[in-house]
Amino acid sequence: MTKNVKRLKSEQTYAYALISPSVVIVLGIIIAPMLATLVYTMLNNNMLSGHYGEFSGLSFFKEVLTSHEFGSDLFRTLYFTIVSTFIETGLGLAIALLLNEKFPGVGILRCIIIIPWAIPTVVNGSLWKLIFNGQYGVFNALLLNAGLINQYESWLGDPKLAMLMIIIADSWKMTPLAVIFFLAALQGINADTYEAARVDGAGPFRRFYYLTLPYLAPTAMIIIVMRTVEKFKAFDIFYLMTRGGPANATKTLMYSTYLEAFTNLNYSTAAVYAYLTALIVAVLTLIYVRMMKRGELNG
């Protein structure tokens with residue numbers, strides 16, 4: 001018995017020794033900056049004011065939460081997140097279903113579909129900014145030749161259309177990721193199940209609704225969680241394409257965080273924006289995980 005206890009303690013010590021480097025890295029890269037940022041939220045760290053370093057408690061949280069600007073930024077962030085995630089998930093599923101079929105050239109299409117996802121975001125944002133250019137953009141030329149518009153439009157200069165253009169650019173790049181996930185899941189479905197359903201008289205729509213969708217539900221939830229987190233953190237594509245304009249029409253929570261920190265030099269407000277964004281993402285992720293668990297229990 002004593003030997004077993006000693007061996008168990010030895011194994012535990014060995015396990016702690018193996019994970020200690022990872023713990024140190026997590027503490028240094030994640031936990032320490034989070035604590036430092038939390039301190040910033042409680043101190044007046046506005047470089048342009050004369051009260052730098054003074055303790056302010058939760059006054060900055062109250063100021064941000066009661067401001068109209070934060071509500072507008074949150075609405076635009078949610079709009080971008082919901083619409084683009086819906087497009088990427090739905091379009092990714094449709095393309096995956098197509099590429100799951102057997103037809104000449106399907107292997108080439110499966111290789112090509114990954115190209116947009118492999119393009120860096122900097123290149124993607126610059127590319128679509130040129131495509132939507134109001135003076136010489138390809139998008140205007142195509143619509144004009146098709147007779148859908150009478151003159152060139154400034155797509156990124158219109159407050160009502162700028163966010164939609166960014167959603168199109170982002171969805172073009174990230175939809176292939178959803179295609180890869182869905183296609184991998186479809187490849188794992190047992191073909192005998194579909195054959196049995198076909199023999200029993202189930203049509204294509206019934207097979208899709210009762211067999212394919214339930215099987216792909218966990219994959220869809222993973223995609224939604226991943227993309228929701230990434231959408232809330234999105235900054236580069238907004239910076240590259242519109243810089244938050246026109247008329248703040250594409251100014252999201254993360255872009256406001258950037259403006260507060262590097263333009264207004266108000267690090268306290270920027271820290272509050274960052275913490276509130278992280279809190280919203282954590283709550284949404286928790287909801288998604290509970291929905292996933294509930295679905296597994298019902299299944």
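The values are calculated or read from the model by the stated rules, or taken from the named source; none is laboratory data. Note that the structure is a prediction, hence the values are computed from the model and not measured. In this analysis, Cβ positions are derived from the backbone assuming ideal geometry, glycine residues included, and neighbour counts consider all displayed protein chains.
Criterion first (within 23 Å of GLN187 (Cβ to Cβ) and either at pLDDT below 90 or in a helix (DSSP H, G or I) (or both)) does TYR215 satisfy it? For TYR215, the condition - within 23 Å of GLN187 (Cβ to Cβ) and either at pLDDT below 90 or in a helix (DSSP H, G or I) (or both) - is met.
Within the range 242-250, is even one residue under 30 Å from TRP128 (Cα atoms) and assigned to a helix (DSSP H, G or I)?
No, because not a single residue in the range 242-250 is under 30 Å from TRP128 (Cα atoms) and assigned to a helix (DSSP H, G or I).
Apart from one condition, SER171 fits all of (1) closer than 27 Å to ALA247 by Cβ; (2) small (Gly, Ala, Ser); (3) surrounded by fewer than 14 Cβ atoms within 10 Å (Cβ to Cβ); the exception is (3).
Within the range 99-113, the set of residues being without any contact (Cβ under 8 Å) to a residue 24 or more places away in the chain, part of a loop (DSSP other than H, G, I, E, B) and either at positive phi or surrounded by 10 or more Cβ atoms within 10 Å (Cβ to Cβ) (or both) comprises just one member, GLY105. Total residues in the range 58-98 satisfying the condition of being assigned to a helix (DSSP H, G or I), among the hydrophobic types (A, V, I, L, M, F, W, C) and in contact (Cβ under 8 Å) with a residue 12 or more places away in the chain: the figure is 14.
Pick from ALA278, ALA270, ALA247: which is closer than 28 Å to ASN45 by Cα, surrounded by fewer than 17 Cβ atoms within 10 Å (Cβ to Cβ) and modelled with pLDDT of 90 or more? Lay out the reasoning, then the answer.
Numbers: ALA278 fails: modelled with pLDDT of 90 or more; ALA270 fails: surrounded by fewer than 17 Cβ atoms within 10 Å (Cβ to Cβ).
The conditions single out ALA247.
For the residues ALA162, ALA178, the requirement of being crowded, with 21+ Cβ neighbours inside 10 Å and closer than 27 Å to ASN100 by Cβ singles out ALA178. For the subset of the range 7-57 comprising residues that are part of a helix (DSSP H, G or I) and touching a residue at least 12 places away in the same chain (Cβ under 8 Å), which member is surrounded by the fewest Cβ atoms within 10 Å (Cβ to Cβ)? This residue is LEU38.
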